[in-house]
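Participant: Attaching a single structure in structure tokens format; questions to follow.
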Amino acid sequence: MKVCVIGTGYVGLVTGVCLSEIGNRVLCVDNDDRKVSQLRGGKVHIYEEGLEELLAKNLESGNLSFTDDISAAIRESEIIFICVGTPPLPSGKPDLSAIDEVAREIGKSLNGYKIILNKSTVPIGTAKRIKKIINENTNPENEGFDFDIVSNPEFLKEGEAVKDAFFPERIVIGSGSQKAIDIMKKLYRPIIEQDFEYAKNNSHRKEKVPVVITDSVSSEFIKYASNAFLATKISFINEIANVCERLGANILDVTYGMGLDARIGPRFMQAGIGWGGSCFPKDVRALSYTAEEYGSPAGILNAVIQVNNQQRFKVIQKAMDFLGIIDDKIIGVLGLSFKPNTNDTREAPSITIINKFLELGAEVRVYDPVIKDYPEGLDPGAIMAVDPYGALERADLMVLVTEWDEFISLDFERLKNIMSGPNIIDGRNVLDREKLQEIGFNYSGIGTGTGTGTGS
Ligand code: UGA
């Protein structure tokens, strides 16, 4: 099928590349011409496993191409994916100006029946708003050309985006048009049936992917409610971890014991310094805003946000417990990205933590396996180290903020010799406490208390 994907951010680029891999002719559009020429040259601006290889392969086969001409791309395509950003405004309400602009362009360029598909996470009711804007902008000579709006939310996780796009747990299609639903099922058929080339012999391959057919409002809701629920699960377990710490229980054992109950499950139960990224913070705030706006205030969601905002400061408190006065101490921070296997630092706990240590007068050295430049919001007083050992030389304290694999297998004997103070705060509960204590480190996890901590 002829598909165009508007916006080449995380969602747009992964969607475009993966749709081309399953045999569609995909035209990806971005108004940033520098980005377009980089992508045409096969260079990916985000760190996502497997994406660059698939991009190169489909550029070469001609299934995938890039342009900054939105109007031509719309005219050439049967299905138009809207994948532009919806960043939060200061009130928490998402900024829809990019979506509105795309809808106006679609209205002006309509030249036949098209499916307009929204993949961006948008406020509930946006499908109707897009329809209205397209209708208002349709050229008189184009009138009569029909279109349908579909809400098709994306559930991919950064760092696992290609896997999630090819092997999703569900596909949600929200539309009032049976014709559009049938075309969407046809587009996604290889993924639903899991019978495309890339899936063969892939360990993530599923039997079949369930499809949820619903109206557009419910579809938009599925996305928000899913992210809000996952964020709630994490804030809940972090709150429990904080109480465990007071009582000397071990959160790893507690979550293991809880997770064996199939109604609870073991996933998204990893206690730590809280959630960040471009999705949970934005989406939980947006849902809370909508709930308030429609007269049904979201008490739980507001508490989920509050617990998360406080959680990252646990690290500061623990540092004070280890070091007393922070002024003039050397602190080595491992990890900048909001989670491993991505170079995204949006709403990353690392930035708040590092800035606070600097404010308290510490010398802070930072190492991240993929982030080498100062991310937005990071105090330039932080020193970027070239490797973890450089970050920790003469340090009084190590703080693990992001659980990159590389940090789990560090040479801790060597670190013990080069650090000034044998103190480790494990903000993600991934290090081997017993081993570190044997080497002579003082170890503090999040809610790992004094229990056995076998948690397996
Ligand atoms: C999240 C959702 O998981 C995706 O399903 C969704 O499509 C995406 O948002 C989106 O809306 O676009 P993502 O933000 O990439 O994906 O990252 P996650 O892997 O969900 O992690 C989010 C945050 O939760 C990270 O800061 C991570 O460190 C934290 N987390 C996750 C925990 O603290 N504990 C856990 O057990 C799991």
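The values are calculated or read from the model by the stated rules, or taken from the named source; none is laboratory data. In this text the structure is predicted, and so the values were computed from the model without any measurement. Heads up, the Cβs are rebuilt from the backbone with ideal geometry, glycines too, and the neighbour counts pull from every protein chain shown. Protein only, heavy atoms only, side chains kept; ligands, DNA and RNA dropped before computing areas. Shrake-Rupley method; radii C 1.70, N 1.55, O 1.52, S 1.80 Å.
Participant: Give the residue that is farthest from Ile22 (Cα to Cα), with candidates limited to residues of region 190-208 that are in contact with an Asp or Glu (Cβ under 8 Å, 6 or more places away or on another chain) and part of a loop (DSSP other than H, G, I, E, B).
Facilitator: Step by step, filter region 190-208, then rank; the result is Lys208.
Participant: Looking only at residues that are touching a His at 6+ places or on another chain (Cβ under 8 Å) and part of a helix (DSSP H, G or I) in region 139-189, which one is nearest to the ligand (Cβ to nearest atom)?
Facilitator: Looking at residues that are touching a His at 6+ places or on another chain (Cβ under 8 Å) and part of a helix (DSSP H, G or I), I get Lys163.
Participant: A further question on this structure: Say we look at region 256-276 and pick out the residues that are within 6 Å of the ligand (Cβ to nearest atom) and hydrophobic (A, V, I, L, M, F, W, C); which of these is farthest from the chain's Cα centre (by Cα)?
Facilitator: The residue in question is Met269.
Participant: Just to be sure before I move on: is Ile116 part of a loop (DSSP other than H, G, I, E, B), in the same structural domain as Asp164 (by TED's automatic domain parsing), open to solvent by less than 60 Å² (accessible area, probe 1.4 Å) and more than 27 Å from Thr345 (Cβ to Cβ) in the structure I sent?
Facilitator: no
Participant: Let me ask something additional. Could you check how many residues of region 238-284 are open to solvent by 50 Å² or more (accessible area, probe 1.4 Å) and either at positive phi or assigned by TED's automatic domain parsing to the domain that holds Phe155 (or both)?
Facilitator: Looking only at that region, the number is 1.
Participant: Which of (1) within 7 Å of the ligand (Cβ to nearest atom); (2) buried (at least 18 other Cβ atoms within 10 Å of the Cβ) is the odd one out, the single condition Ser226 does not satisfy?
Facilitator: (2)
Participant: Does region 376-384 contain at least one residue that is assigned to a loop (DSSP other than H, G, I, E, B) and crowded, with 20+ Cβ neighbours inside 10 Å?
Facilitator: Checking region 376-384: at least one residue is assigned to a loop (DSSP other than H, G, I, E, B) and crowded, with 20+ Cβ neighbours inside 10 Å.
Participant: Does Val122 satisfy the condition of being at pLDDT below 95, crowded, with 21+ Cβ neighbours inside 10 Å and either within 16 Å of the ligand (Cβ to nearest atom) or more than 18 Å from Val212 (Cα to Cα) (or both)?
Facilitator: Considered against the rule, which asks whether it is at pLDDT below 95, crowded, with 21+ Cβ neighbours inside 10 Å and either within 16 Å of the ligand (Cβ to nearest atom) or more than 18 Å from Val212 (Cα to Cα) (or both), Val122 comes out as yes.
Participant: Based on what the data block shows, is Ala249 in contact (Cβ under 8 Å) with a residue 60 or more places away in the chain and in a loop (DSSP other than H, G, I, E, B)?
Facilitator: yes
Participant: When region 36-55 is examined, which residues are found to be open to solvent by 50 Å² or more (accessible area, probe 1.4 Å) and small (Gly, Ala, Ser)?
Facilitator: Across region 36-55, the qualifying residues are Ser37, Gly41.
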